[in-house]
Amino acid sequence: MARRLRAGVLFPGLALLLPACSMAPDYHPPQIAAPGQFKEVAGWSAASPRDDEARGAWWDAFGDPVLADLEQRAAAASPTLAAALARYDAARAAARMSEADLYPEVGVNGSAARERRSKNRPLSTGSPAEYSDYVAGGSIDYEIDLWGRIRNQVKAENAEALASKADLAAARLSLQASVADAYFRLRGLDAQAQLLSRSVDAFSRAYDLTGKRHRGGISSGIDVNRARTVLGNARAQVSTVANQRAATEHEIAALVGELASSFTLPAHVQPLEPPSPPMATPSELLQRRPDIAAAERRVFAANARIGVARAAFFPSLSLGAQGGWETTGGSLLTTPNTFWSLGPLSSLLTIFDGGRRAAQVKISRADYEEVAADYRGTVLTAFRQVEDSIAAIHHLSDASVAQKEAADAAHRTSEIAMSRYRDGASDYLDVVTAQTDALTAERAYISVQTQRMQASVELVRAMGGGVDVAVASAGTGTGAGAQ
């Protein structure tokens, strides 16, 4: 309707020629058989995508000010995020360019010339002619969008801009999750470094003890070498963990947009306890995944481009008008000097093109089928990732309890074995075995706790934002279909 009103104001009576005609098929988002609830958590219901809700500072749920600072620095200086923002700005500009075709193209012109014509020119009066020519005027060119070619192109470009906006949100979420994941891996390595440092001290004392006992003729050289082996292995593991921590620190530096050579995060050991996931959160959170929104909007754009391709089978109409003032002398802007012309109203229809237009329609339909399949694949991947994350949180929680029991038992065994060795009641092989088992069990516990933190971050990524955000309002879809 707005299109017809603009045309009617510019060219009286022309609105009657403009029925609301579009060659694009009626749009319906691709359907996919989503589950009624997630398998891993009871009480979750499926619904249609919605990505326009605030995600908030979801990392605050972990209660770590260092992580919060890193997230802010990444948002301000990440080159990945800056590139995604530039792509979004370009997509918005492209949409504005396509919208310009909805309006007439208006131009102004002016000229001033002095001319002498030959006396021997054709139809000459026998004398030369000399005069000045002054012109000022303007022109309007306008394509009448009878078949919706321009409108569908505008819809497609606007949908692409919205998809690019969703891509920006996806890049931001991915960056946030990557920073959190790397940060918790770093803190896990800090915990392992502290454990290994304590172990090296304990193994050093044990090595000194075996040395004294060997010099006193109580123990054999085998015991000394066994103690030295355990100590050497622990020291090697200290260096390995230090190398892993340095690489992880450099990874965080790149994520926050800083040079690795000047970026430092002091070591800090803290409890690795993830926040409890909301077990009854509805799956409306899944609707907020920006990659699903982007995929659906690209389906809408592809549907509109089918209309653009089909419009080529119908004639295109354009209307021009021009007018202004012209004189050879005296005042230019006076009524006697005016001129104008309306038209031509031109029409162009290609009769034969060797099947080019039909092929273009087939291409546009194939493009639609491709992006529709991509959309269904994105939704399936989203459900899989959510299920994976919830399963990981549940199973790693059980593993944490069992591994903690194993670590505590191994630690007690190590103390008993050392006590029995001092009393001469056991061989040092029992001590070595117990110490190795204790270190392995305690490192495994730290690893499980680190994985639990990572699983919590992955759940945030899979749900498209903070899982602790209340979802109370009903969604209205991604919005592409309303273009």
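Every number in this text was worked out from the coordinates using simple rules, so none of it is lab data. Not measured: the values here are computed from a predicted model. For neighbour counting, all protein chains shown are included, and Cβ atoms are generated from backbone atoms with ideal geometry for every residue, glycine included.
Of note:
- Pairwise Cα distances in the stretch 164-307 exceed 21 Å for 67 percent of all pairs.
- D_trans [Stokes-Einstein, Kirkwood Rh over alpha-carbon pairs] for the stretch 96-213, 20 °C, 1.002 mPa s, µm² s⁻¹: 89 µm²/s
- Label-to-label distance, Ile218 versus Arg422, with points set 7 angstrom from Cα along the beta-carbon direction: 1.0 nm.
- Multiplying the residue separation of Arg198 and Glu370 by 0.36 nm and subtracting their alpha-carbon distance yields 56.2 nm.
- Pair-distance profile P(r), taking every C-alpha pair of the stretch 308-449, with 10 angstrom steps and integer %: 9, 14, 11, 10, 9, 9, 8, 8, 8, 7, 5, 3, 1
- Computed lengthening from Phe339 to Ala267, 0.36 nm per intervening residue step minus Cα-Cα distance: 17.7 nm
- Positive-end residue, the stretch 182-334 charge dipole about Cα centroid, Cβ charges, pick of Gly320, Val308, Ser239: Ser239
- Only lysines eight or more places from Lys165 in sequence, or on another chain, were considered; those with a Cα closer than 21 Å are Lys155.
- At full extension, Ser447 and Leu429 could sit 3.8 nm farther apart than now, given 0.36 nm per residue minus the alpha carbon distance.
- Rounded to the nearest 20, the Cβ-based charge dipole of the stretch 264-399 about its Cα centre (Lys and Arg +1, Asp and Glu -1) stands at 620 debye.
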